[in-house]
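Here's the structure we're looking at; comments come further down.
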Amino acid sequence: MADQILDQIRDVAEGQIDFEGQRFTEFLSTALLSLVGALSFIIGFIKQDIKLALMIGLGGTALTMFIIVPPWPFFNRHPVKWLPAGGVDKSSSEGITVDGKVVG
Amino acid sequence: MHSTIVRAQNVFGFFTTVAFVVAALIAASDLTVPRAPKAEVTANSVQVVKGRPHYYSTKKEEYAVIRFTMSADLSSLFTWNTKQVFVWVSASWPNATSTDGELSNEAVIWDSIITNPSADHLMNIGPAAMKKLVKSAKGKSIDPKRGILALKNQKPKYQITAPTGKLAETNDVVLKVHYNVQPWVGVLTWTPQIEFLGWKKLKGGVSKAFALPAIKKKETAEKKA
């Protein structure tokens, strides 16, 4: 019981996402941060306001953190389909074979 | 990107790169703004008095009190990346021991910090003056008008002397205006000695040469006599 709860907590804290999600977060974090940097410079330069540029940069980074860091269900939509264990035939998948005899 | 910690590290890591690049761009954007500062300065009343460097000193030195009039237009120094501009007026005179006039003495007689509105909160002034300063640029992110200075018969902040303690009857004293631009990001720039891209030298900024008078007699002594 305690082990189960601990495992659950560990899973939540670790926040794993699937391979497609990993690819997507990699792209998304790079794109968002670059966009935020470009926007903060351009808007700051046009408005001639360095505080605005700083706020856009920091706010955009916080937003990116919020989007990327938690394991949103969105990043877990392509779970890995594992092959059945041990290269066992489907025909003999019921029961365990020991010395050519089906046990259990 | 498989776990929360790795994602946080990657996002933060790339953020530092982006922050550095944006800061470099901001620093470089200074070069796109032409600077054409100009200043005129003239000495008004000049007197030399005897005094002590501090209360318990037994040494008497001569101090020059130089009142001056200055009009300066430093408004082109104020951009979004300007934190503050430091302006100062110095008096310089040739060294008596050098014949070619190469060595010269220079002492600051007045200075001032002009903040951009983005740096008003950094000024070391009282709450009432701070309120007035912030209010003067309400709703403005930059305020080039602060770069326009008009001082009339300004009393010097500092009474100057020389290492020898002798300063009366010095000839060829000139006043010079200097400035230092302190940006939010980038390098400090001083009164330029060369022209660089759109950055011009300070136009004017040097007064006509004048002479320091003889020591002023004590008025109290005259009264007694």
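The values are calculated or read from the model by the stated rules, or taken from the named source; none is laboratory data. Note that the coordinates shown come from a computational prediction; the quantities given were computed from them, not determined experimentally. Glycine gets a Cβ as well: all are built from the backbone with ideal geometry, and neighbour counts include every protein chain shown.
Among the residues of region A:14-30, which ones are part of a helix (DSSP H, G or I) and within 7 Å of chain B (Cβ to nearest Cβ)?
A:GLU14, A:GLN22, A:THR25, A:GLU26, A:SER29, A:THR30
Go through region B:114-143 residue by residue and tally those that are surrounded by 17 or more Cβ atoms within 10 Å (Cβ to Cβ) and within 16 Å of the chain's Cα centre (by Cα).
Residues meeting the conditions: 3.
A quick yes/no check of all residues on (1) within 14 Å of chain A (Cβ to nearest Cβ); (2) surrounded by fewer than 18 Cβ atoms within 10 Å (Cβ to Cβ); (3) farther than 22 Å from B:LYS176 by Cα; (4) not acidic (Asp, Glu):
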site: B:ASP30; (1), (2), (3), (4): yes, no, yes, no
site: B:PRO34; (1), (2), (3), (4): no, yes, yes, yes
site: B:ARG52; (1), (2), (3), (4): no, yes, yes, yes
site: B:THR58; (1), (2), (3), (4): no, yes, yes, yes
site: B:ILE66; (1), (2), (3), (4): no, no, no, yes
site: B:ASN81; (1), (2), (3), (4): yes, no, yes, yes
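Matching residues to (1) out of contact with any strand residue (DSSP E or B) (no Cβ under 6 Å at 6 or more places or on another chain); (2) at pLDDT 95 or above; (3) surrounded by fewer than 14 Cβ atoms within 10 Å (Cβ to Cβ):
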| residue | (1), (2), (3) |
| --- | --- |
| B:LYS157 | no, yes, yes |
| B:ASN171 | yes, no, yes |
| B:PHE196 | yes, no, yes |
| B:LYS201 | yes, no, no |
| B:GLY205 | no, no, no |
| B:LEU212 | no, no, no |
| B:ILE215 | no, no, no |
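Does any residue in region B:76-94 that is closer than 19 Å to A:LEU52 by Cβ come within less than 9 Å, Cβ to Cβ, of a residue that is among the aromatic types (Phe, Trp, Tyr) six or more places away or on a different chain, and which pairs are these?
Correct list of pairs: B:TRP80/A:PHE45; B:TRP80/B:TRP184; B:ASN81/B:TRP184; B:THR82/B:TRP184; B:LYS83/B:TRP184.
Taking only region B:173-205 into account, find how many residues are assigned to a loop (DSSP other than H, G, I, E, B) and among the aromatic types (Phe, Trp, Tyr).
Residues that pass the stated criteria total 1.
If you scan region B:11-24, which residues turn out to be at the interface with another protein chain (Cβ under 7 Å from one of its Cβ atoms) and more than 10 Å from A:LEU33 (Cβ to Cβ)?
Scanning region B:11-24 gives B:VAL21, B:VAL22.
In region A:52-69, how many residues are at the interface with chain B (Cβ under 7 Å from one of its Cβ atoms) and over 30 Å from B:ALA119 (Cα atoms)?
Adding up the residues that qualify gives 2.
For region B:18-41, indicate whether the set of residues that are under 30 Å from A:ALA13 (Cβ atoms), part of a helix (DSSP H, G or I) and without any contact (Cβ under 8 Å) to a residue 24 or more places away in the chain is non-empty.
Yes, some residue in region B:18-41 is under 30 Å from A:ALA13 (Cβ atoms), part of a helix (DSSP H, G or I) and without any contact (Cβ under 8 Å) to a residue 24 or more places away in the chain.
Restricting to region B:73-104, count the residues that are assigned to a strand (DSSP E or B) and either touching a helix residue (DSSP H, G or I) at 6+ places or on another chain (Cβ under 6 Å) or modelled with pLDDT of 90 or more (or both).
13
If only one of B:ALA36, B:ALA96 is small (Gly, Ala, Ser) and in contact with a Lys or Arg (Cβ under 7 Å, 6 or more places away or on another chain), which one is it?
After applying the criteria, what remains is B:ALA36.
Filter region B:1-17 for residues that are in a helix (DSSP H, G or I) and of a type in the set (Ser, Thr, Tyr); which is farthest from B:ASN153 (Cα to Cα)?
The selected residue is B:THR4.
Residues of region A:31-53 being assigned to a helix (DSSP H, G or I) and surrounded by 17 or more Cβ atoms within 10 Å (Cβ to Cβ), which ones?
Once the filter is applied, which keeps residues that are assigned to a helix (DSSP H, G or I) and surrounded by 17 or more Cβ atoms within 10 Å (Cβ to Cβ), region A:31-53 yields A:LEU32, A:LEU33, A:VAL36, A:GLY37, A:SER40, A:PHE41, A:GLY44, A:PHE45, A:ILE50, A:LEU52, A:ALA53.
Hey, among B:ALA72, B:ALA43, B:ALA96, which residue is of a type in the set (A, V, I, L, M) and either outside the structural domain of B:ASP143 (by TED's automatic domain parsing) or surrounded by fewer than 18 Cβ atoms within 10 Å (Cβ to Cβ) (or both)?
B:ALA96
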